[in-house]
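Quick notes on the structure that follows.
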Amino acid sequence: MLLLDIPSIQSIILSIGLEPFYSRLIQQLEDDFKHWQNFYKSPRHAIHYKHGVIELMPCSDDELYSFKYVNGHPENTKQGNLCVMAIGMLADVKTGYPLMISEMTLLTAIRTAAVAALGAKYLARTDSNVLCIIGSGAQSEFQAMAMKSIFPIDEIRIYDIDAKAMDKFYNNLTPEFNRIKKCESIAEAILNSDIIITATACKKKACLFKASEITDGTHIHAMGGDCPGKTELDASLLKKSKLVVEFTEQSLIEGEIQQLDISHIHGELWQIINKLIPGRENNNEITIFDSVGFAIEDFSILKLVYTLAQELKLGVDIDLIPDIDDPKNLYGLINNPLKRKPR
């Protein structure tokens, strides 16, 4: 079985370049969303605590099965720990044998941003060039780079209550963009922005801005409202906008739409990709992609990195599944241990 650790993922991305990786991933996501009805889907299994959440996210088609273990602990960063960590697995459906275990902390950040770009491809104006990001945490740079792979982003406006987080974003991405503006308020950041990404971490009901502050034609990617009781947008703005989700059953529990009901949902992203319902229809409507993250997105990136690892001959072979001559004689391993493969 293949193990892709952090160095392996770094090597894959550096080998082909981050922007080409995003392009290939967005294409993989789009292909999988097109085949949405071929997947076995369910809401993630989540256990919520006062201080965070731990989740399992499974997804499968008739060839491959994937799942991700992921947490969300907003207070971790105060102790110098990551807010989100993840591990994923890809398996062969025919035999049930695992094919790969992979780190997914980095991959989750990348796939989350790629989904944002895919949604914006269908919901934002094609000439969008001013990007606003509210929340400059670990996800923010990935979001910016993913949007850059789709749109002619010329200016980025950022706002965070933590000035050091904005400095971090500025230092990381100054070489990539013509202008990055560190704003003193949300109102300053969102003013006349074409695309707004809300990516705050605080687990509470919040209202980052009012409907009256949003310019006609704006696209909002709402990714911070991702668990019960946690929202970022005002209900009046949701009612005023064309609202799109990933998987309705899950979004009603975790997304911005938890404030309302199913009647306010325009549809799911896969329906727009398959042209069953319209995406953006004019340059004046306000659109919202209420994205909470869904397991098919993890499936897509795991499938992609597995393919790339084989092409590039990266990763480490590990023995987690017994390889024995007689599959009925598992007990024989006790007295005849397998020899370790040389690294």
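Below, the figures for the structure above:
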read-out	value
E184-N38 pseudo-label distance in nm [points 7 Å out on the Cα-to-Cβ vector]	5.5
Efficiency of FRET between A206 and I321 - r from beta-carbon atoms, R0 45 angstrom, step 0.05	0.50
Packing rank of 158-166, 24-32, where each peptide gets the mean count of other beta carbons within 10 Å, highest leading	24-32, 158-166
Answer label, with volume of the Cα convex hull per residue in Å³ calculated from the coordinates and candidates (i) 136; (ii) 151; (iii) 121	(ii)
Evaluated over the stretch 114-293, the Cα radius of gyration and Dmax, each in Å	15.0, 44
For S128, distant residues with modelled amide H under 5 Å away	none
Percent antiparallel among DSSP beta bridges (both partners in the chain, rounded to 5)	50
Student exercise, the stretch 114-293 dipole from Lys, Arg, Asp, Glu Cβ charges, in Debye to nearest 20	100
Whole-Å distance, taken between Cα centres, linking the stretch 2-51 and the stretch 207-233	25
Relative packing of 302-314, 139-151, 229-241, which averages over residues the other C-beta atoms within 10 Å, highest first	139-151, 229-241, 302-314
Packing-based ranking, highest mean first, of 118-128, 260-270 given that Cβ atoms within 10 Å are counted	118-128, 260-270
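Since every read-out is calculated from the coordinates, none of them should be taken as a lab result. In this text, all values refer to a predicted model and were calculated from it rather than measured experimentally. When we count neighbours, we look across all protein chains shown, and the Cβ atoms used for this are built from the backbone with ideal geometry, even at glycine.
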